[in-house]
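Presented below is the structure to which this report refers.
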Amino acid sequence: MQASLGSEFDPAQPLPPSSTASGPSESAGRRIARGLGRLIPFVPALIPAVIIVGIIGALLSAGLQANLGRTFFSFVWNPAQNDWGIGVFLVGSFLTAIPALTLSMLIGLGLAIASTAFLPRFVSRWLDPFVDLLAGIPSVVYGIWAYVTLRPFFSDTFNPWVHLHFGFVPGVGGRLPSTGGQGLPLAIIILTLMALPITTLLIRDSLRSVPQDLWESGLALGATRWEVVRHIALPYSNRGVLSAALLGFGRAFGETVAVAMLIGGASTLPTSVFSTSNTIPATMFSLLDSARNNSHFLSALADMGLVLLAITLVVNILGRRLVSSLYAYEMAGL
Amino acid sequence: MATATLPSAALDPDDVLTQSSGRLLWRTGFDRWIGWLLPLLFVVAIYPILDLVYYISSRAIPTLSWAILTSTNPTATDALGVPIITTFEIMAAATLLAVALGIFGGVATAEFLSTRAAEWVRASANMLAGAPSVVVGYFGYIVFVTSFGWGLSYIAGVVTLAFFMTPYVFRTADLAFSSIPRPIREAALGSGSRPVQYILRVGAPIAFPQILTGVFLAMAIGVGETAPLVLTTTYGVLVPQTLYSPVSFLTGLIWANFSQPQNSGLQILAFQAAFLLMVLVVGLNIVVRIISAQYRKRLEGLYQ
């Protein structure tokens, strides 16, 4: 009895091969099948990667179809003369995205500090969703609203007023271009609004993640609320603030339709701060129609797409690396 | 004693009052003022959204009627029936495709992939979500419209839009399954269920609400997107009859008519389309918020 038990369950002996574990008894065909089976989950999981690679590949193949030569890296855009300078639109993109980001970072910091440090919780609980709601409105709706309401205000009131009172600043003075209100200022304002929910939400989230102990010990040491924010909470959440800046820039830089409606669609370098201009995405969007039968034109636009994709991807990856969780950001559809 | 004199000298009440009363006044005063000024910034953020909602509603609602919403007359300038029907068709098709493309990948990433592989896969999904819509539209134009020879067509638009929506579905499916409490997973697998049984019988009921939020979110993003559809379709006046028909949709209608003269029929039509779009997107966002609030309650219950 004991001997038979011992021979059955001898701990020194390795376990007999079970039917599910792969062992020498398994045929080569089954082993290959098992290996392939382990790869099956990768097929659906790789779909986003395949799409990204497909996008880059498609843009590359279209972009390399025609040889644009050195004109691509110039500041002259004239399809009739075979001048395909991306410089004009790169300048336009940065001239709109950077001021818009600066404004929305300043307002976003203010809003986030207000709702985390100064407003009672039941007030901020009602106000914050309004700002988050800005993220959900389609950009074409922003575009038509700004085109009909803000554009006349800029052309009749804002631009002439700034021109009159700040004309001594280089770039503001000189002849006031008659743009009908379209142009850089209008695009900057609308991009500020569109980047605002991102910057506010991310800064608010990172300020909320500052441990309660730190707030309370700051206050207990006699610091005012503002001093706690300035010297404890903001330094603690500096990565979150930086990621807000990067992801907000990504949104402002890649925004297409609203900018195409509001910036005026010029293909020359702006001569004053009121000039019409064009950004890379807005150019790609509004000029594809005229590029359909011109391989050079299509190549130039595809190359612009590559530059745009490279810049937004780098900014997005850096912005995401800085913070561990972007749950709220992703649930706002960003 | 010598060690005790240092802090007591620094905190001498007379010292604080005589030397820094001006400073103290400034500090507390600044704190009070900034506490009033910063919340005023909410006016800057909330005024535009209220104005936008009010202005678009005031232009759209007085002229909106059931006849306009349902009329499919291709020659009328006050008919929204075709764009509404087509938008819903496009959304249904693109959502189905995006769910098919995204949901399995998300579940597989959460359940089967090693941590390292999952990291890379998630990074690629985030990249795709961060890619500007115009770039995705170009991809659709180059691949589906020209290379595949589909031309500017309904199907090219639907597939491009689906690709644009895929990462959002993918991400929430992944997130939903990754955030199922570990003990639940271990209990299911430990009591002998196979991974597929765990996913279908245990994981799916828990993760379903969150996946649903992801799908609604992707729909809200997709329905408001203009570039992927405009770049891959031609604008038509009829409900699409074949896969290669021209299409008309709400965002395209706004893009085509936003610069019409003030108060012209077509501009009013664009505002009506914008109003419908806004209602649709805000409605979807509210649904998302409600579901995710409910979901959070349920999850908290699970953790107890």
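The values are calculated or read from the model by the stated rules, or taken from the named source; none is laboratory data. Just so it is clear, the structure is predicted and the values come from calculations on it, not from any experiment. Here the Cβ positions follow ideal geometry from the backbone for every residue, glycine too, while neighbour counts run over all protein chains shown.
The table below gives the values:
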quantity: Unique match (being of a type in the set (A, V, I, L, M, F, W, C), within 11 Å of chain B (Cβ to nearest Cβ) and either in contact with a helix residue (DSSP H, G or I) (Cβ under 7 Å, 6 or more places away or on another chain) or over 24 Å from A:A112 (Cβ atoms) (or both)) among A:A300, A:A245, A:A260; calculated: A:A260
quantity: Matching option when the condition is of a type in the set (A, V, I, L, M) and within 20 Å of the chain's Cα centre (by Cα), among B:V82, B:V43, B:V99; calculated: B:V99
quantity: Segments classed as helices (runs of 4 or more DSSP H), wholly inside the range A:195-257, with at least 3 members that are free of Cβ contacts under 8 Å to residues at least 24 places away in the same chain and more than 30 Å from B:S133 (Cα to Cα); calculated: A:212-220
quantity: Any hit, the range B:153-168, residues being in a loop (DSSP other than H, G, I, E, B), within 14 Å of chain A (Cβ to nearest Cβ) and either out of contact with any Lys or Arg (no Cβ under 9 Å at 6 or more places or on another chain) or at negative phi (or both); calculated: no
quantity: Count - residues of the range B:196-237 that are within 30 Å of B:N257 (Cα to Cα) and either outside any helix (DSSP H, G or I) or hydroxyl-bearing (S, T, Y) (or both); calculated: 9
quantity: Condition met for B:L41 (more than 10 Å from chain A (Cβ to nearest Cβ) and either assigned to a helix (DSSP H, G or I) or among the small types (G, A, S) (or both)); calculated: no
quantity: Any hit, the range A:2-21, residues being within 14 Å of another protein chain (Cβ to nearest Cβ), surrounded by fewer than 18 Cβ atoms within 10 Å (Cβ to Cβ), farther than 30 Å from A:A245 by Cα and modelled with pLDDT of 85 or more; calculated: no
quantity: Residue in the range B:194-213 that is within 8 Å of another protein chain (Cβ to nearest Cβ), closer than 22 Å to A:A135 by Cα and under 21 Å from the mean Cα position of the chain (by Cα) present; calculated: yes
quantity: Matching entry among B:T28, B:T87, B:T75 (being away from chain A (no Cβ under 14 Å), out of contact with any Pro (no Cβ under 6 Å at 6 or more places or on another chain) and of a type outside the set (D, E, K, R)); calculated: B:T75
quantity: Among residues of the range A:43-75, those that are touching a Phe, Trp or Tyr at 6+ places or on another chain (Cβ under 9 Å) and at pLDDT below 85, counted; calculated: 6
quantity: Residue match in the range A:75-88 (condition: surrounded by fewer than 18 Cβ atoms within 10 Å (Cβ to Cβ), aromatic (F, W, Y) and touching a residue at least 60 places away in the same chain (Cβ under 8 Å)); calculated: yes
quantity: Candidate set: the range B:53-78, residues that are hydrophobic (A, V, I, L, M, F, W, C) and free of Cβ contacts under 8 Å to residues at least 12 places away in the same chain; chosen: the one surrounded by the fewest Cβ atoms within 10 Å (Cβ to Cβ); calculated: B:W66
quantity: Qualifying residues in the range B:221-233 (those that are of a type in the set (G, A, S) and under 13 Å from B:L250 (Cβ atoms)) - the one farthest from the other protein chains (Cβ to nearest Cβ); calculated: B:G222
quantity: Test: residue in the range B:252-273 that is within 18 Å of the chain's Cα centre (by Cα) and either away from chain A (no Cβ under 11 Å) or part of a helix (DSSP H, G or I) (or both); calculated: no
quantity: Options A:R175, A:R225, A:R204; residue that is of a type in the set (K, R), out of contact with any His (no Cβ under 9 Å at 6 or more places or on another chain) and under 18 Å from A:I107 (Cβ atoms); calculated: A:R204
quantity: Considering residues of the range A:263-272 that are part of a loop (DSSP other than H, G, I, E, B) and within 14 Å of chain B (Cβ to nearest Cβ) only, the residue modelled with the lowest pLDDT; calculated: A:G265
quantity: Residue satisfying all of: in the range A:89-120; away from chain B (no Cβ under 14 Å) and either among the acidic types (D, E) or surrounded by fewer than 19 Cβ atoms within 10 Å (Cβ to Cβ) (or both); farthest from the chain's Cα centre (by Cα) among these; calculated: A:V91
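Residue-by-condition table, conditions (1) in contact (Cβ under 8 Å) with a residue 24 or more places away in the chain; (2) touching a helix residue (DSSP H, G or I) at 6+ places or on another chain (Cβ under 7 Å); (3) among the hydrophobic types (A, V, I, L, M, F, W, C); (4) not in a helix (DSSP H, G or I):
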| position | (1), (2), (3), (4) |
| --- | --- |
| A:L90 | yes, yes, yes, no |
| A:S93 | yes, yes, no, no |
| A:A100 | yes, yes, yes, no |
| A:S104 | yes, yes, no, no |
| A:I107 | yes, yes, yes, no |
| A:R125 | no, no, no, no |
| A:F130 | no, yes, yes, no |
| A:T149 | no, yes, no, no |
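A quick yes/no check of all residues on (1) touching a Leu at 6+ places or on another chain (Cβ under 8 Å); (2) modelled with pLDDT of 90 or more; (3) more than 8 Å from chain A (Cβ to nearest Cβ):
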| site | (1), (2), (3) |
| --- | --- |
| B:V82 | yes, no, yes |
| B:T95 | no, yes, yes |
| B:A100 | no, yes, yes |
| B:T115 | no, no, yes |
| B:W120 | no, yes, no |
| B:L128 | no, yes, no |
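Listed here are the residues, each with its yes/no results for (1) of a type in the set (G, A, S); (2) more than 19 Å from the chain's Cα centre (by Cα).
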site: B:G106; (1), (2): yes, no
site: B:T109; (1), (2): no, yes
site: B:L113; (1), (2): no, yes
site: B:N126; (1), (2): no, no
